[in-house]
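The values are calculated or read from the model by the stated rules, or taken from the named source; none is laboratory data. Computed from a prediction, not measured in an experiment: that's the story for all the values here. Quick reminder, even Gly has a Cβ in these numbers, built from the backbone with ideal geometry, and neighbours come from all protein chains shown. When the accessible area is computed, the model is the full protein with side chains, heavy atoms only, and any ligands, DNA or RNA have been set aside. Shrake-Rupley method; radii C 1.70, N 1.55, O 1.52, S 1.80 Å.
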Amino acid sequence: MDNLKHKGIFRYFFNCLTILSAGFFTVLSIYCFKSEFIIQSSFIHFSFRFNTLSLFFVIFISSISIFISIFSIKYGEKYDKKPSLFIYSFLFIMSMIILVISNDMLTFLIFWELMSVFSFLLVIYEGSEESRKAGFLYFLMTHIGTILITAAFIMLYLKTSSFSFDYYKGAAGIMVLAAAITGFSIKAGIMPFHTWLPYAHPVAPANISAIMSGVMVNMAIYGILKFLFVFSSGSNSFLGIILLIIGALSALLGIMYAMAQKDIKKLLAFSTIENMGIIFMGTGISYWAKAEDFKSIEYLAMLAVLLHIVNHGLSKSSLFMGSGLIDKYTHTRNMEKLGGLSKKMGQLSVLFLIGIMSISAMPPLNGFLSEWYLYISLIGSVFTGNLYMVYFSIIAVALLSLSGAAAGAAFTKLFGITFLGKPRTANAENAVESHIIERIGIAIPVLLCIYIGVYPYQIISSLDAVIFYLTGGTVSANPFSAVHVISARPFSLYAPALIAIAFATVLLIALLYLKAFSSDKKRIFETWACGLDEKNSKAQYSGSGFSSSIMKVFSSFYSSVSEINFEKDVKKYFRSKSVYTEEVNDIFEKYIYIPAGKIYLKISEIFDKAANSANINISLGYLFLSLIICFIIYIFIIR
Amino acid sequence: MNFNGQHLIFGTVQFFIIVILAPFFAGFIHKLKQRARGQKGINIFQFYLNFNKLLKKEIVLSKDASFVSNIAPYIVFADYLVILLMMPAFYRYSLLGVSSDVILIAYSLALATFFMTLYAMDQGSAFGGLGASREWFLTVLSEPSLIFVFISLAIYTKHGRITDIFYFVQKGAANAFLSGIHSGAVSIAIPFLLFISLFIVSISENARIPIDNPETHLELTMFHEANILETSGKHLGIYEYGSYLKLTVFLTVMSLILFPYMAVNIYQIPLALIIYVLKMLILCILIAGVEIVNPKMRVFRVPNVLSVSFILSLIAMILSIRGF
């Protein structure tokens, strides 16, 4: 057994198994499109159906899992001593794939729960104090979500007296939708319920973080799309507006917190909250437009949602894989200890740069494309003249543009501090280029980012089928068809292929001009340091310095504590040592979660004292009391 | 929009004229400022000579520099050129007019900032990090105003492409001029508010005096200059030229809000070109005036100024929504 572990048999076997099964499920879902499977025995009844939405999600999950598995074939070697990682991650991915093809509520809930449990086991995999704490918080939050989702399903069952999703079409009222959306929001890490995400995603091994951030959070979006666009009974347009505003706030606060982080993976985790916020905004607009019957906006916003799911999945998984490689080859995730990695890890830094450009919505890459569609649908909802939506979409535009610029700042910080400049510590100094298989795993999603960014027409026409399934209409997009927002008149057009060609042409002409008219002389010399002859790489700008001016302006979003400790030293300006600590706390955590936790503990202490007394009479009394309560419930509620 | 040989040719001509004129406008502002301070002042075509001289010089790269330093100047330059390809200035059909979406333009400006700041951080100098941090500080604050200005224009005109937007504004203004202000959906308040808002954003984005002073190299005051402090030779020339192009982009949008007149056919081009240059010179005088009158302000007072710009564009947007 130990010998097998040593050779990494488990790693090869389960990663290849993941690739094969993901491929199998993709092929299965394409060939068995629109057919139904039922697995029935004496006590279980699983029902599956391959519809367009699940086909989209199966392909999405499978392809990203395949990239991550290719990456983990090499990356996972440091986990060979404890190969449960590979087994759990295989089961985790499979439970997600089966989740999206399940066609009744019990199957859905069972696989939802399996997904949560396996991801919990992966979060606590490292076994450190930090990971156990994060795992507990994740377990707690995700089960609150599951309770709400279950409640939504029970309400649906009471209404339709069926377990099958086929009977739920148009059955969900406002209570069901509210419960389901709250439950799924917890899984998606939307802002008031996000506290678990920045703890749980970073502590897992990088390949698992990539799956959790790139894929698992989207399962919540799958649930929300299913509830809002398939199960929803009627027009609750204000629900769409609430989703829009919550999404916009999540987008802004998520990226603002991301900017304050030092840990690379934590920064990426907060960026996931931002992107989930953007997806929620699109969902909200689309649902609102559905309720108010503005067809073209509904389709456009849905296109933005689906494209952003794909774009975020691709770029976030590649960035998490990249952060795993940084961790593996430098043994730290703290960007204040890194620097200069672009010289040591040249190819990885190119891939990482493209991933960063994609996620911070730089044209002409794919991240910009989905944000552009979101902007257009926001402008379109202003054109509708609907009183509430006009105001809220203006607010949403403001928050979205602010978060877009802040994303640029946060990711410039991430790339600049980690990859550029001089190495800050010996860890960064001794980094080496990663293995080719690891880079291939990152390169495929990055190349797809470029492909979707520059030539999106193929994927948009495939997504049209999903949009048709959810909304009953399609968005026609070809290189020169303008977007129609509300009337028949073309509103605007973003032709990425044209822009990319123009960019390349202009660049070529400029380079040819420079080649002809400029000198090619180049000299390598040291950086000017005001004439000081100091070789101190700590004298570079730090990550917290980079974001401090922005954080100062938006200080009301943070509750940060910074402290400077000087050694007791007489010389005021020539101190031998000074310590600066800065702690950025989440306002939700500080003002809601921690007080709520304290109150909960106090109440349970009171119950604990009352219930655990040694007196047998009191215990019998409790027994009697609970019987009476059950009896009352039976008489007045159930009968 | 259909492709037409004429549009293609004159769109290209327009592009080259703007690109060639860009250093002239910057030089004009500089000359005005120097004369107002009582200095003799540079040659008005000095920036062309500077560019030419810088191209002939050798590049000194830091030994800490990576691949980013070798690509960033060209990407920034090409990015500004692509933005200019979308911009109409004196001819209604720009070369990339089909895809000249306003949000694309705003995000393309952010792309240039992104690469310039990465270049700054690539050298391992503390100044670079400082410049990058401050540049993003400004961008985070001014990007919402810029996008609001653009989206207000889009809502006001019900068009999303910058060429269509200004063609609509032009038609509305012409109608109002010919048959009185009550004749159509034309507003004076909206362009006025947007002009002031955009003026503030241009001053902050183009490193002009109340916010930044590109003439000094004092670390306390540097924004833009700190980013390109380590740059030399060809790279410096490209960055400088890029900053003239950026200034021209902002001035062109302002000139079109101020007095929307673009040639719709080739016979109007000479007149439109003359009017364009005149408008640009007036705006240059305005910017030079602001730069002369104001002292440089504290960094943490900049958010106040930019929030004024944001509020003005918000008011403009609310006014433009009232239209329907």
Scan chain A and report its longest stretch carrying no GluC sites (Glu not before Pro) that are both in a DSSP loop and have at most 10 other Cβ atoms within 10 Å. A:1-533
Calculated Rg and Dmax of the stretch B:1-88 using C-alpha coordinates, Å: 17.7, 53
Of B:MET222, B:LEU153, B:LEU198, which is farthest along the charge dipole of the stretch B:150-244 in the positive direction, counting Lys and Arg as +1 and Asp and Glu as -1 at C-beta? B:LEU153
Shielding by partners - mean other protein chain Cβ count within 10 Å, residues of A:332-343: 2
The stretch A:498-565, Kirkwood Rh and Cα Rg, ratio Rg/Rh at 1.23
Helix-only estimate, please: 222 nm mean residue ellipticity of chain B, summing -39500 (n - 2.57) across DSSP H runs of length 4 or more and dividing by its residues, to the nearest 500. -24000 deg cm²/dmol
Describe numerically, in nm with one decimal, the distance between label points set 7 Å from Cα along Cα→Cβ at A:LYS515 and at A:ASP293. 6.1
Find, among the GluC sites (Glu not before Pro) in the stretch B:203-274, those assigned to loop by DSSP (not H, G, I, E, B) with at most 16 other beta-carbon atoms within 10 angstrom. B:GLU215, B:GLU219
Rg/Rg_globular for the stretch A:329-417, with Rg_globular taken as 2.2 N^0.38 Å and Rg from C-alpha atoms: 1.46
How about A:LYS522: which aspartates and glutamates have a C-alpha closer than 12 Å to its C-alpha, ignoring those fewer than 8 places off in the same chain? B:GLU58
Suppose R0 equals 30 Å. What FRET efficiency, 1/(1 + (r/R0)^6) with r the Cβ-Cβ distance, do A:ILE632 and A:GLN40 give to the nearest 0.05? 0.20
Using the Karplus curve 6.51 cos²θ - 1.76 cosθ + 1.60 with θ = phi - 60°, what ³J(HN,Hα) values do you get for each residue of the stretch A:329-334, in whole Hz, with x for Gly and Pro? 8, 10, 6, 8, 10, 7
Looking only at trypsin sites (Lys or Arg not before Pro) in DSSP loops with at most 16 other Cβ atoms within 10 Å, what is the longest site-free stretch of chain B? B:64-295
Mean ellipticity per residue at 222 nm, deg cm²/dmol - from DSSP H runs of n ≥ 4 across chain A, formula -39500 (n - 2.57): -22500 deg cm²/dmol
Separation between Cα centres of the stretch A:155-202 and the stretch A:329-344, rounded to whole Å: 40
Explain nothing, just the number: dipole magnitude of the stretch A:219-295 about its Cα centre with +1 on each Lys and Arg Cβ and -1 on each Asp and Glu Cβ, in debye rounded to the nearest 20. 200
Could you pull the Cα extents of chain B along its three principal axes, largest to smallest, in whole Å? 63, 44, 41
Using the Cα centre of the protein assembly as shown as the reference point, and only Cβ charges (+1 on K/R, -1 on D/E), how large is the resulting charge dipole? Debye, rounded to the nearest 20. 1240
Which of A:TYR125, A:PHE92, A:LEU114 sits farthest toward the positive end of the charge dipole of the protein assembly as shown, with +1 on the Cβ of Lys and Arg and -1 on the Cβ of Asp and Glu? A:TYR125
Cα-based Rg and Dmax for the stretch A:203-345, in Å, come out at 17.6, 58
Just tell me which lysines come within less than 22 Å, Cα to Cα, of A:LYS316; anything on the same chain fewer than 8 places away is out. A:LYS74, A:LYS187, A:LYS262, A:LYS265, A:LYS266, A:LYS328, A:LYS413
Checking the stretch A:1-89 for trypsin sites (Lys or Arg not before Pro) in a loop per DSSP with at most 15 other beta-carbon atoms within 10 Å yields A:LYS34, A:LYS81
What are the semi-axes of the equivalent ellipsoid of the stretch A:159-231, taken as the square roots of 5 times the eigenvalues of the Cα gyration tensor, listed largest first and rounded to whole Å? 29, 13, 8
Please say if the stretch B:204-299 is rounded, prolate or oblate, where rounded means a/c under 1.5 for a ≥ b ≥ c the square roots of the C-alpha gyration tensor eigenvalues, and otherwise the choice is prolate for a/b larger than b/c and oblate otherwise? oblate
Please work out the FRET efficiency for the pair A:ILE450 and A:ASP608, using the Cβ-Cβ distance as r and a Förster radius of 41 Å; give the result to the nearest 0.05. 0.10
List the aspartates and glutamates whose Cα sits under 14 Å from the Cα of A:LYS337, skipping any in the same chain fewer than 8 residues away. A:ASP263, A:ASP327, A:GLU429
Radius of gyration and Dmax over the Cα atoms of the protein assembly as shown, both given in Å: 29.5, 104
Once you put a point 7 Å from the Cα of B:ILE274 and another 7 Å from the Cα of B:LYS296, both along the Cβ direction, what distance in nm separates them? 4.2
For chain B, dividing by residue count, accessible area per residue (probe 1.4 Å) in Å² works out to 34
Contour minus Cα-Cα span, B:LYS53 to B:THR12, at 0.36 nm per residue, comes to 12.1 nm
If you put +1 on each Lys and Arg Cβ and -1 on each Asp and Glu Cβ, how big is the dipole of the stretch A:298-424 around its Cα centre, in Debye rounded to 20? 780
